[in-house]
Amino acid sequence: MKKILFVIAMLCASAAQAQKADYRIIPLPKTVQMDSTRVFNLTSGMGIAYDASDPEMARNAQFLRQWVEELTGISLKMTPDDKNAAIRLCLGLPTDKKAKKAKKGVSLTEQQQEAYAITVNDKGIALYGRKQVGLFRAAQTLRKALPVVAVEKAKAAEIAFPFVTIQDEPRFSYRGAHFDTARHFFTVDVIKKYLDLLALHGCNQFHWHFTEDQGWRFEVKALPELAKKGSVREQTVVGRNSGVYDGQRYGGYYTQEQCREIVNYAAERYINVIPEIDLPGHMQGALHVYPNLGCTGGPYPVWQIWGVSRDVLCAGNPETMTFLKTVMGELCDVFPSKFIHIGGDECPKARWKECPKCQAKAKELGLVDDGKHSIENQLQTWINHQMEAFLKERGRDMIGWDEVLEGGLTEGGIVMSWRGIKGGIEAARQHHRVIMTPTDYCYIDYYQLKEQWGQPLAIGGYLPVSKVYSFEPLVPDQLSDEEQKYILGPQVNLWTEYVAYPQHVFYMLLPRLDAISEVQWCRSDQKDFDDFKARLPHMKQIYDRIGVNYCNGVE
Ligand code: ACM
Ligand code: ZN
């Protein structure tokens, strides 16, 4: 009997024991000063305070309330303006208040504007942000510090928060992830989930790849047939251009209304959406609808195989520029992003070499092969410059894949370095801004485990989590301090030739997104792969709770 009573007592004690918050999250905050001998206990019914007159702060408080409930079962009350609430959201950093005089007149970097702090003491949990974005980041940090409480224990959960002061801000101003929704189409709900994961990892740029040889997926109202017909391929090759086809029509595109919905959803999570219309190559989806824009006149079926079509927009046809300006004009209307991506990668020149219109245009422009730049490469540069000027008139900066560097870039252009880091280094030396996304470290369409058996089919390659983690975007051995300032930040890219379903999307993304998030957020001297690996299982618990797939192996 005594023994049974002892066991019951032990069980009661463990049930009542609070589960602990753990601030060693991903990405790791800059400083965490903890006193683990003392804790603040959070339970259901406690309040979250915020400034009720500020709808943005109310939204951030609401996010936090939802996340706490989702992971722990603890139900918090919204108690605006309650100075004694357990959790309090406050604008302004405590350290800024102390240093007010010294800081006067000093303008903040983008990273400093995202700075936040968290303190936990006997009064409760206070979240501070220099701006609302900082409060959002603080709330995400608190979310990731929460234990994931088993559903059966969630009702009576009590979370012990060790006393702490956290101070944090990101290393890079640009922290991106790309998603190809052209090779395969994904619903608005999948994109929202993708954005949720970016926000969870502190990313602030979503690069949305809209158009390809295999499908055009952005609605252009002035060209209603473009997305309707250009988004549909009659069938798709099975596997890696096996010669066997699935016999299934495949399509889907985003209406402008849906794009605006995504832009707003992203903005609420402090993510900017950068749309990409890839030009003048990767255009067979559009050529299918407007064969007059190709050099040969077509016909051009929406492509059913993988790779890059030789058929591209005709550079010598004046209608090409009218088409591009119509598309880009509507793109700018829908997407407020300062950055607009024009692609510019992998544009085969075979058609241009043979095309009388293209050659006549080259002549008109006085282009000659100077031994460094072929006539056709200069023709592409001419298109880039037209697009750059068009975007500039609308107050936007052009991003292009690193091919745009080949013919020379005008002043405001930004280079996305993908064929290694060479293009990025060259661009930074020329004082162009750079986004680093080299295949060797950032192409998450590659396999992530050495043993391919058991993994879904991928494009090839091998990019384990450890390799992503090891990336150093500033290449300090090749760039001076001054040149490094032109590196805006790194980005991972998810191409989807072989990724057709949401489960597979998230399998490819996670946990490589965790790895890039530390590259994007943390100082290089903070990084330690073994330590990172020890923090990953908790992220996986969160993924299980929120219902997203991930690759369980980590190499
Ligand atoms: C690219 O991967 N073609 C930019
Ligand atoms: Zn042509």
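Since every read-out is calculated from the coordinates, none of them should be taken as a lab result. The structure presented is a predicted model; accordingly, all values stated were derived computationally and were not measured. Here the Cβ is made from the backbone with ideal geometry for all residues, glycine too, and neighbour counts use every protein chain on show.
List the pairs from Lys228/Lys361; Lys20/Lys467; Lys98/Lys123 whose alpha-carbon separation is above 27 Å, in the order I gave them.
From Lys228/Lys361; Lys20/Lys467; Lys98/Lys123, over 27 Å: Lys228/Lys361; Lys20/Lys467.
Quick one: which residues, 5+ away or cross-chain, put their amide H under 5 Å from the amide H of Asp168? H built at 1.01 Å from N.
Tyr116
Short version: ³J(HN,Hα) in whole Hz for each residue of the stretch 209-226, in order, from phi by Karplus 6.51 cos²θ - 1.76 cosθ + 1.60 (θ = phi - 60°), x for Gly and Pro, what are they?
Here the 3J(HN,Hα) series is 8, 9, 9, 7, 4, 8, x, 9, 10, 10, 5, 10, 5, 6, 10, x, 6, 4 Hz.
Of Ser75, Ala286, Phe210, which is farthest on the positive side of the dipole of the chain, counting Cα position, with +1 on Lys and Arg Cβ, -1 on Asp and Glu Cβ, and the Cα centre as origin?
In the chain, that residue is Ser75.
Taking the Cα centre of the stretch 173-295 as origin and charging only Cβ (+1 Lys, Arg; -1 Asp, Glu), how large is the dipole, in debye to the nearest 20?
My answer is approximately 80 debye.
Residue by residue, what Karplus-based ³J(HN,Hα) values in Hz, rounded to whole numbers, does the stretch 85-93 have, using 6.51, -1.76 and 1.60 with θ = phi - 60° and x for Gly and Pro?
Once θ is set to phi - 60°, the couplings for the stretch 85-93 become 4, 5, 10, 10, 9, 9, 7, x, 9 Hz.
Which of the peptides 37-43, 520-526 is most tightly packed, and how do the rest follow, going by the mean number of other Cβ atoms within 10 Å of each residue?
Ranking, from highest mean packing down: 520-526, 37-43.
Percent relative contact order of the chain, based on C-alpha pairs within less than 8 angstrom and at least six residues apart?
Rounded, it is 14 percent for the chain.
Using 0.36 nm per residue, how much length does the chain from Glu411 to Ala350 gain when fully extended, once their Cα-Cα distance is taken away?
Answer, rounded to one decimal: 19.0 nm.
Measure nothing fancy, just the Cα-based angle from helix 55-72's long axis to the longest principal axis of the chain, in degrees from 0 to 90, nearest 10.
Computed tilt is about 70 degrees.
Rounded to the nearest 20 Debye, what is the dipole magnitude of the chain about its Cα centre when Lys and Arg each give +1 and Asp and Glu each give -1 at the C-beta?
1720 debye
Name the lysines eligible as straight-distance cross-link partners of Lys363: C-alpha to C-alpha under 27 Å, and not fewer than 8 places from it in the same chain.
Once the sequence-local lysines are set aside, what remains near Lys363 is Lys325, Lys349, Lys353, Lys372, Lys392.
By the gyration tensor of its Cα atoms, with a ≥ b ≥ c the square roots of the eigenvalues, what is the shape of the stretch 146-216: rounded for a/c under 1.5, prolate for a/b over b/c, or oblate?
The shape class here is oblate.
Under a crude label model (7 Å from the Cα following the beta-carbon direction), how far is Val475 from Gln430 in nanometres?
Modelled inter-label distance: 1.4 nm.
So how do 530-541, 133-144, 221-232 stack up, highest first, on mean other-Cβ count within 10 Å?
Those peptides, ordered most packed to least, come out 133-144, 221-232, 530-541.
If you take the charge dipole of the stretch 400-501 about its Cα centre, with +1 on Lys and Arg Cβ and -1 on Asp and Glu Cβ, which of Gly460, Leu488, Val434 is farthest toward its positive end?
Among Gly460, Leu488, Val434, the one farthest towards the positive end of the dipole of the stretch 400-501 is Gly460.
Under the rule of at least 5 residues apart or a separate chain, name every residue whose amide H is placed under 5 Å from the amide H of Phe218.
Under 5 Å from the amide H of Phe218: Tyr254.
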